[in-house]
C-alpha cells in the first residue's frame, strides 16, 4: 500500500493506576464525575473608606474571574460531550493500560484500533492501533478546546485539531479509506496502459492506517442502524422519522 506507519517515540509503559473516566489535561478533575454547576461567587467586603480606584480594580478583577469561570464551564461542557460520544462509540475502552491494549490488538488485523484513557497523566487519551510492526500507541492531547495527536509522536509537523476525540479518529479513518479507493482507481487505469505508469499518480503519504474499530462489546442493533444511516446520509433531518429517532441520530453523528 505504500503506507507510512506512525510509531510512537515514547511508548506508554507507566503502571496502570485504578481510575475511571476521562481525565482533564491538567489533572484537575475526572470527566465522568464532572458536574456542570456554577461555582459560588465570593463577595468581597470593602472598608467604608475604600477609594474609588480600589472599587474599579475590584470590578476589573471580578470581570477577569468571571471570564475564566465561563471558559472553564465551556471547557467542561465540551469534555462532557466528548465523553458521551466516546461511550456511545463502543470502541472506547476506558482505563486500560498499554500492555492490555497490545494484548487485545495482537491477533487483530492491521489497521484495527481502539481508544483508551492515556496512562500518561499529561494526556487525555491514547489511540492504540495495530500496524505492520505490531500494536503502537498515539497520545492525544487536549489544548484550548481542541483535540489533536501529540506532535512529538507524529512525524508530520502540522496536525489538524478537532473539537472532539471521535471527530479526530474519524478524520484519519476516512482519509485512509479515500486513499485506498484512489489507489484502486489508479491501479485499474494502470492495467489499461502499456507502460503501467501514469503522470501525476504518485501515492499519497498517510501516517495512519485505520481500517476497523475494535469494539469493547457487541454494539446494539439500534447503534448499528444509526451508523448505517450516518454512512448513507448527512441530512437525516429530512428523513421521514419521528423526532425521537432524529434526536437519537444526533446523539452520535459519526460513521465509525
Relative contact order of the range 77-187, defined on C-alpha pairs under 8 angstrom at six or more residues apart (%): 18 percent
Order of 166, 228, 96 under a 10 Å beta carbon neighbour criterion, fewest first: 228, 96, 166
Projected label distance in nm at residue 221 and residue 87, using a 7 Å step from Cα toward the beta-carbon: 2.4 nm
Residues 163, 183, 130, sorted so that the one with the fewest Cβ neighbours within 10 Å comes first: 163, 183, 130
Proxy reagent accessibility, fewest Cβ within 10 Å first, across 150, 251: 251, 150
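Coordinate-derived values only; no laboratory data. It should be emphasised that the depicted structure is a prediction, and the values quoted were computed from it without experimental measurement. We place every Cβ from the backbone using ideal geometry, glycine too, and count neighbours over all the protein chains shown.
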